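Asker: First, the structure itself, so that you have it in front of you.
The values are calculated or read from the model by the stated rules, or taken from the named source; none is laboratory data. Since the model is a prediction, treat every value here as computed from it, not as a measurement. Note that each Cβ is placed from the backbone with ideal geometry, even for glycine, and that neighbours are counted across all protein chains shown. When the accessible area is computed, the model is the full protein with side chains, heavy atoms only, and any ligands, DNA or RNA have been set aside. Shrake-Rupley method; radii C 1.70, N 1.55, O 1.52, S 1.80 Å.
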Amino acid sequence: MRKKIIAGNWKMNKGPDAAREFAVEMTPKVDGGAADVVFCVPYVSLLAALDAAKGTFVAIGAQNMHFEDAGAYTGEVSPGMLKELGVKYVIIGHSERRAYFGETDDIVNKKAKAALVHGLMPILCVGESLEQRNLGITIEHVRIQVKIAFDGISAVDAEKIVIAYEPIWAIGTGVTATAQQAEEACAAVRQVVAELYGQPIADKIRIQYGGSVTADNAAELFAQPNIDGGLVGGASIKADFDRIVNYQ
Ligand code: PEP
């Protein structure tokens, strides 16, 4: 039985003060232990969020990182730096980073490997554009993204990765994939993991759905057999985020 994992992607919202305030208020409401809960906050707010969540089961994640350990990469943050702070998860390959910051499948693979080397758990995002969905190539596209992202990753490490299936057309648009569309893609993701690592690993790995998840649609989406929770953007910084975590 896979434990659900519900992660909030706060995107570029909430500096340290606002992050602390929100985390202090939200943490007790989502700390029931039925699902793993992660707040993925901006870099500058990591310390405040870590402090606010101390002593609870809520984990703190980053939204990005570089794949190198150190060096002349102005403005970047390394996996070791995140680990040193006490960060547990890191979002990798979010579609906004792929679209606006040139992240390729190859970079996503390098970042996933670097995160694992440093003991961070990647939340690795894949998903198709509307054009790809309309062309009927959703599954092929997602399969390729997963295959490249996991290239060179051992089975032991693979099962630590959380995959977030996030159709780009559903992110921040208010248009949610139907439970059937989301389940079909998540099942295909699990299938490709089975082909790469065998069924036991595929049965263990957690696959989230992301894309306009709200308190009203979470229960139906998370009830699907291959959907193990969600990566939640806009609704993760709303006062009723706890209703998504406590969807049952
Ligand atoms: C996201 O940012 O990963 C996301 C799914 O956003 P939203 O929930 O706002 O669609």
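Asker: Given a Förster distance of 41 Å, report the FRET efficiency between L196 and E21 from their Cβ-Cβ distance, rounded to the nearest 0.05.
Answerer: Step by step, r from the Cβ atoms, then E = 0.45.
Asker: Provide the FRET efficiency to the nearest 0.05 for the D203-D51 pair, computing r from the beta carbons and using R0 = 41 Å.
Answerer: Values: r = 36 Å, r/R0 = 0.89.
E(calc), rounded to 0.05, equals 0.65.
Asker: Could you give the length gained by full extension between T178 and K3, i.e. 0.36 nm per residue of separation minus their alpha carbon distance, to one decimal place? Could the numbers behind the result be given before it?
Answerer: Details: separation 175, 0.36 × 175 = 63.00 nm, distance 2.22 nm.
Additional length available on full extension: 60.8 nm.
Asker: Please give the per residue accessible area of the chain, computed with a probe of 1.4 Å over protein heavy atoms only, in Å². Don't skip to the end; give the middle numbers.
Answerer: On the way: 11020 Å² over 248 residues.
I get 44 Å² per residue for this part.
Asker: What full-extension length gain, to one decimal in nm, is calculated for A34 and E220 as 0.36 nm per residue of separation minus the Cα-Cα distance?
Answerer: So the extension gain works out to 65.3 nm.
Asker: Are there chymotrypsin sites (Phe, Trp or Tyr not before Pro) in region 20-120 that DSSP marks as loop and that have at most 10 other Cβ atoms within 10 Å, and which are they? Intermediate results must be reported in sequence, preceding the final value.
Answerer: Values: sites: F22, F39, Y43, F57, F67, Y73, Y89, Y100, F101; in loops: F57, F67, Y73, F101.
When the chymotrypsin sites (Phe, Trp or Tyr not before Pro) of region 20-120 are filtered for loop state and at most 10 Cβ neighbours within 10 Å, F101 remain.
Asker: Any idea how far apart D69 and L135 come out in nm if each label point goes 7 Å out from Cα toward Cβ?
Answerer: 4.0
Asker: What dipole magnitude, in Debye to the nearest 20, does region 63-152 give about its Cα centre under +1 on Lys/Arg Cβ and -1 on Asp/Glu Cβ?
Answerer: On the way: 10 positive and 12 negative charges, 51 e Å.
Using only the charged Cβ atoms, the result is roughly 240 debye.
Asker: Roughly how far apart, in whole Å, are the Cα centres of region 21-45 and region 168-228?
Answerer: So the separation of the two Cα centres works out to 22 Å.
Asker: How far, in nm, would the chain grow between V156 and Y43 when pulled straight, counting 0.36 nm per residue and subtracting the alpha carbon separation? All intermediate terms of the calculation are to be shown ahead of the outcome.
Answerer: Working: separation 113, 0.36 × 113 = 40.68 nm, distance 2.83 nm.
Length gained between V156 and Y43: 37.8 nm.
Asker: Please enumerate, by chain and number, the lysines with C-alpha under 30 Å from the C-alpha of K113, excluding those fewer than 8 residues away in the same chain.
Answerer: K3, K4, K11, K14, K54, K83, K88, K147, K160, K204
Asker: Please compute P(r) over all alpha-carbon pairs of the chain, binned at 5 Å starting from zero, and give each bin as a whole-number percent.
Answerer: Going out from 0 Å in 5 Å bins, the chain shows 1, 7, 15, 20, 21, 18, 12, 6, 1, 0 percent.
Asker: Let me ask something else about it. Ignoring any ligand, DNA or RNA, what whole percent of the accessible area of the chain comes from carbon and sulfur when the probe is 1.4 angstrom?
Answerer: Numbers: 6030 of 11020 Å².
Roughly 55 percent, rounded to a whole number.
Asker: Suppose every K and R has +1 on its Cβ and every D and E has -1 on its Cβ; what is the size of the dipole of the chain about the Cα centre, in Debye to the nearest 20?
Answerer: Details: 24 positive and 30 negative charges, 66 e Å.
Result for the chain is approximately 320 debye, rounded to the nearest 20.
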